[in-house]
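Data block below; observations after.
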Amino acid sequence: MTDSSAPLPGLFIAFEGGDGAGKSTQAALLTQALSDAGRTVVRTREPGGTPVGEKLRSLVLEHGQGEIDAKTEALIFAAARAAHAVQVISPAIARGEIVISDRYADSSIAYQGAGRGLGTEAILQLNDWATSGLWPDLTVLLDVTPADGRERRTAGDAAEDRMESEPDDFHATIRTAFLALAAAHPERYLVLPARDAIAELAQAIEQQVHTLLAAPGNGTERSSTPQGVGSA
Ligand code: TYD
């Protein structure tokens, strides 16, 4: 039993995966389940989540902004994330709330570090600095194949943004990078096949979150040192 006078531990959950993995659907379902259980949930997304972050989002995702080279792209994502971490995520965790973010720093490691070839370690260090070492307690990776991802995101009339319209081999590199991150950090990763039924995925994610919430001291001792990409 929880002592009702004790402050609830804050928790930071990130959803990651390739484009079209179904992250937003699962983030919404988890938000609903935790809210129904009486928790205060802050649902947010990257790039974005703050006024400056939403402007940076348009800059980096919309077509027709002029040339954006790889380093500039990495710095824009990191700038948006710095604002997000300090203005939204850290304060919410400190208030004992649960933050659910659609993407976080591992997206930069996968897309800019691996996909754009800037190097996963360099992007990890950049983001560790930008966020003052704020990393999620749980990262849910919805693993999607490039073909499935493209099929799902182009269903209906949805137009692809600048990143989504990259070729399948780019998305294959992203997928490999995410799986490598999950293998390097099994303590904070839950990897699920994006093809599984929506309800099945939601149940697995909820179960993991409840386990985490029940663990003594969870959400109170967070990592503040860089997490190596290639080492467990
Ligand atoms: P979004 O519309 O949020 O896509 P999704 O619904 O798949 O999350 O667009 C985010 C795009 O930006 C997506 O293609 C991944 C890319 N991205 C990066 O390249 N680096 C990053 O650090 C982040 C957060 C996103």
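The values are calculated or read from the model by the stated rules, or taken from the named source; none is laboratory data. Keep in mind that what you see is a predicted model, and the values were worked out from it rather than measured. We place every Cβ from the backbone using ideal geometry, glycine too, and count neighbours over all the protein chains shown. Accessible surface is based on the protein model in full, side chains and every heavy atom, while ligands, DNA and RNA are left aside. Shrake-Rupley method; radii C 1.70, N 1.55, O 1.52, S 1.80 Å.
As a summary of the residue check, Arg43 satisfies the conditions (1) farther than 18 Å from Thr131 by Cβ; (2) over 12 Å from the mean Cα position of the chain (by Cα) except for the one numbered (2). The conditions of being part of a loop (DSSP other than H, G, I, E, B), more than 8 Å from the ligand (Cβ to nearest atom) and out of contact with any strand residue (DSSP E or B) (no Cβ under 7 Å at 6 or more places or on another chain) are met by Gly64.
Would you mind stating whether Leu61 is surrounded by 13 or more Cβ atoms within 10 Å (Cβ to Cβ), at pLDDT below 95 and out of contact with any Cys (no Cβ under 7 Å at 6 or more places or on another chain)? Answer is yes for this residue. A single member of Ala105, Ala122 is open to solvent by less than 40 Å² (accessible area, probe 1.4 Å) and aliphatic (A, V, I, L, M), and it is Ala105. Residues in the range 32-61 that are assigned to a helix (DSSP H, G or I), within 11 Å of the ligand (Cβ to nearest atom) and touching a residue at least 24 places away in the same chain (Cβ under 8 Å): Gly53, Leu56, Val60, Leu61. Of all residues in the range 11-31, those satisfying the criterion of being more than 16 Å from Asp106 (Cβ to Cβ), in a helix (DSSP H, G or I) and within 11 Å of the ligand (Cβ to nearest atom) are Ser24, Thr25. In the range 31-58, what residues are in contact with a Ser or Thr (Cβ under 8 Å, 6 or more places away or on another chain) and either aromatic (Phe, Trp, Tyr) or open to solvent by 70 Å² or more (accessible area, probe 1.4 Å) (or both)? Scanning the range 31-58 gives Arg43, Arg45. The set of residues in the range 148-179 that are open to solvent by 50 Å² or more (accessible area, probe 1.4 Å), part of a helix (DSSP H, G or I) and under 17 Å from Tyr111 (Cα atoms) comprises Arg150, Asp168, Asp169, Thr173, Arg175, Thr176, Leu179. Selection over the range 1-53 of residues that are at pLDDT 95 or above and acidic (Asp, Glu) gives a count of 3.
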